[in-house]
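The values are calculated or read from the model by the stated rules, or taken from the named source; none is laboratory data. What you see is a predicted model; the values in this text were computed from it and never measured. We place every Cβ from the backbone using ideal geometry, glycine too, and count neighbours over all the protein chains shown. What goes into the accessible areas is simple: the full protein's heavy atoms, side chains included, and nothing from ligands, DNA or RNA. Shrake-Rupley method; radii C 1.70, N 1.55, O 1.52, S 1.80 Å.
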Amino acid sequence: SLVEAIATAQKKVSAEGLFENLPKEPFLASVNPRTILASSQKTLALAYVYSNDYGQGLDWAEKAIAQATRIHSSVTRLNAVYVKALSLFYLQRYEDAEAAFRVVAIDIDNANLSQRAMAYYYRGYIAAHASKHEDALDNYEIAVSLDPLNVRIRSDAITYLINRNFAGDYEIALGLAIRGMDYDAAGTTFQTLAASLFAKLGLPDKTAQMP
């Protein structure tokens, strides 16, 4: 549970002072307690985000970033930056959140494509909120391309296009919905969206004919 996750992470973080007194043995050196500290701080930050305490999430994410930077752990640092971005987003500090999400999104060395996709997804939302519609579509499209199986990203991109309703948006949205039907093994989300878009475009509904 979230409560247990927070308690566990807090115990690990509170052990920071003990790390300096550990015996200098090869096994302990390989574990690297400073890395454990940074990872625990990041985990604690994420647990707070999941429990809707975004202020605490931001505080612990900042600590994790600082610790990961000190020990040159780029993966932990990037994960902590993502949690920082989430915290800022839910605190509605959109400009700061966008800057943090951008760090995660454009890092081509980041092997976590789902994380990069979500960073682009949130950047799309923020751009749309600021009425930067071309930027919004660009970010949504990159998010879909990075994680095509993500139902949330694809369906929200389609919904954005439907609501924006610029010239050609329905056609783009329909293409996303039809492609999504290949991936939506859990339900009929994209079939419903595609049928709605066929109707909006005044076209025969072909979803029943699709495998």
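For the subset of the stretch 153-171 comprising residues that are under 24 Å from the mean Cα position of the chain (by Cα) and more than 27 Å from Asn112 (Cβ to Cβ), which member is most open to solvent (accessible area, probe 1.4 Å)?
Asn163
Just checking: which of the helices (runs of 4 or more DSSP H) contained wholly in the stretch 49-152 hold 1 or more residues that are of a type in the set (Gly, Ala, Ser), modelled with pLDDT under 95 and open to solvent by less than 20 Å² (accessible area, probe 1.4 Å)?
The qualifying helices (runs of 4 or more DSSP H) are 54-70.
Inside the stretch 114-150, can you point out the residues that are out of contact with any Gly (no Cβ under 8 Å at 6 or more places or on another chain) and hydroxyl-bearing (Ser, Thr, Tyr)?
The answer is Ser114, Tyr120, Tyr121, Tyr122, Tyr125, Ser131, Ser145.
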